[in-house]
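Right, one structure below, let's go through it.
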Amino acid sequence: MIFYPLVISAVAVLVTLVYASYLDIRDRRVPFKTWYPMLVVGISAAMVLFYQQTGNFSLIVGYLALIASFFFADYIDNRDPEVPFNFLYLAVVLALPLISWFILPFVTGTKAIETQLIPWYVLFAGLISYISYREYKKKPVRKLKTKQVKKEAEANVEDVLSRWYFVLIVIILAIASFYMIGGGNWGVTGLYIAMAAIFCGVFYVFGQMRLFGGADAWALIFIAFCLPTFPLTPLLNTPPLGFLSFSVLINALILNLVAPIGIFLINVAKGNRAPLQYMFFGFPVKGEKIQESWGFVMEDFTEKNGNVERKFIGFWDSLRRMRSDEGRIYTKDLREHPEEYEKELGTYKKAGTVWISYAVPFIVPITAGLVTAIFFGDFLLAITSVIAGVL
């Protein structure tokens with residue numbers, strides 16, 4: 001089976017991912033506007049597909065409500081406090097669920113209105129409105145230097161809510177989707193919206209927690225928006241739920257295992273020595289040339305009596321530093337803000353060599369994962385099927 005609107009979307013997504021991979025490799029940054037062409041084509045194609053399959057405008061508007069919520073969250077997270085708050089964005093985000101969950105089912109009269117959704121919509125509107133009000137009242141803040149800790153305010157309920165409100169928004173959208181599916185307003189096709197809400201919500205949170213690169217998280221989120229299912233039947237058959245983005249992620253993770261193996265073999269061939277786990281994920285560079293490399297420093301250094309002592313950063317400590325954005329030194333920062341790292345750069349030169357992580361952006365295996373998922377299918381499903389057949 002071939003869904004022609006999604007074939008067009010897949011081409012747009014693939015071209016965009018290839019270009020985004022190039023930017024991420026070259027600059028370690030993918031401007032948000034890079035995704036716009038792909039989104040225009042992909043969202044339009046997905047809407048055409050939903051209309052062809054169901055003719056259900058409530059489902060289509062619900063799909064747009066999910067997308068609008070993510071764009072609104074990005075707007076809130078990156079808005080310049082010196083620019084007036086755009087209340088039109090707020091109006092659109094509040095209106096779309098209202099139209100999808102209540103107005104269209106009432107107008108069409110095909111199914112009963114899900115009155116259980118009323119308190120969920122009130123909670124949704126209340127959260128969005130409260131966060132918008134706080135954003136509207138926000139005053140410009142001074143920019144912090146790269147090495148300064150970004151925790152100047154003590155944590156309180158309002159700060160936590162401002163940062164993590166979107167988790168509640170995603171939960172509400174997912175619950176509403178299941179209500180609309182169960183009540184017959186959306187039908188089985190609505191599962192694509194429910195799964196997208198959960199999947200995209202997880203990766204948005206991962207991006208906020210710095211457990212995932214921003215470009216990588218948005219790439220997976222936008223794939224879910226533009227390609228809600230497989231555009232054609234892959235060689236290994238379509239997975240049971242048919243949710244393409246999950247297969248893209250699984251394939252990307254499996255393909256990404258090749259890189260650590262290759263790095264390990266290169267380190268062995270060159271005679272580089274480090275604790276075993278670090279041999280798979282990093283390599284040494286010359287201290288005086290560390291600014292020319294890409295990655296983050298995998299060692300801590302201290303100077304005592306003119307001697308440089310070093311130790312590798314543990315996994316959990318590295319994870320903590322990544323989440324807190326404190327204590328982790330990126331070669332990009334060394335290159336762009338050398339004046340803030342004069343002491344560290346001097347120590348690296350004295351140390352001779354410094355172990356850094358390899359720096360292949362995950363968006364590259366995501367791109368490969370998309371191609372393999374579309375044409376071959378879900379690698380994990382294929383592996384488990386083979387194992388099950390053997391057993």
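Using 0.36 nm times the number of residues separating Val122 and Val7, minus their current alpha carbon distance, what extension gain do you get?
37.6 nm
For a quick check, take a GNM of the chain with Cα springs below 10 Å and name the residue from Phe379, Phe315, Phe85 with the largest mean-square fluctuation.
Phe315
Below 8 Å, C-alpha to C-alpha, sequence gap of six or more: please give me the relative contact order for the chain in percent.
21
Pick from Glu339, Glu288, Glu135: which residue has the top mean-square fluctuation in a GNM of the chain where Cα pairs under 10 Å get a spring?
Glu339
Where does the chain land at 222 nm, in deg cm²/dmol rounded to the nearest 500, when only DSSP H runs of n ≥ 4 count, each adding -39500 (n - 2.57), divided by all residues?
Helix contribution divided over all residues of the chain: -20000 deg cm²/dmol.
Extending each Cα 7 Å along its Cβ direction at Arg321 and Asp300, get the distance between those two points in nm, one decimal.
Label-label distance for Arg321 and Asp300, simple model: 0.8 nm.
If R₀ is 45 angstrom, what is the calculated FRET efficiency for the pair Phe71 and Val308, using the beta carbon separation as r and rounding to 0.05?
0.40
Could you put Ser69, Ser100, Ser132 in order, starting from the residue whose Cβ has the fewest other Cβ atoms within 10 Å?
Ranking Ser69, Ser100, Ser132 by Cβ neighbours within 10 Å, fewest first, gives Ser132, Ser69, Ser100.
Could you tell me the relative contact order of the range 258-357? Use alpha-carbon pairs under 8 Å, at least six residues apart, and round to a whole percent.
The normalised contact order for the range 258-357 reaches 38 percent.
Can you give me the distance in nm between label points at Val188 and Ile113, each placed 7 Å from the Cα along the Cα-to-Cβ direction?
3.0
Would you mind giving the three semi-axes, in whole Å and largest first, of the ellipsoid equivalent to the chain according to its Cα gyration tensor?
Whole-Å semi-axes of the equivalent ellipsoid: 42, 28, 17.
Taking only Cα atoms, what is the 0 to 90° angle, nearest 10, from helix 258-270's long axis to the longest principal axis of the chain?
It works out to around 10 degrees.
Between Thr384 and Lys139, what's the calculated FRET efficiency when r is the beta-carbon distance and R0 is 56 Å? Round to 0.05.
0.55
On a 0 to 90 degree scale, rounded to 10, what angle separates helix 57-78 from the longest Cα axis of the chain?
With rounding to tens, the tilt is 30 degrees.
Do the alpha carbons of any pairs in Lys33/Lys139; Lys33/Lys311; Lys33/Lys270; Lys270/Lys311; Lys138/Lys343; Lys33/Lys137 sit beyond 30 Å of each other, and which pairs?
Going by Cα-Cα distance, Lys33/Lys311; Lys33/Lys270; Lys138/Lys343 fall outside the 30 Å limit.
Over the chain, with a Gaussian network built from C-alpha contacts below 10 Å, which listed residue (Pro338, Pro234, Pro275) shows the highest mean-square fluctuation?
In the Gaussian network model the winner is Pro275.
Every number here is computed from the coordinates shown, using simple stated rules; none is lab data. This structure is a prediction, so every number in the text was calculated from the model and none was measured. Glycine gets a Cβ as well: all are built from the backbone with ideal geometry, and neighbour counts include every protein chain shown.
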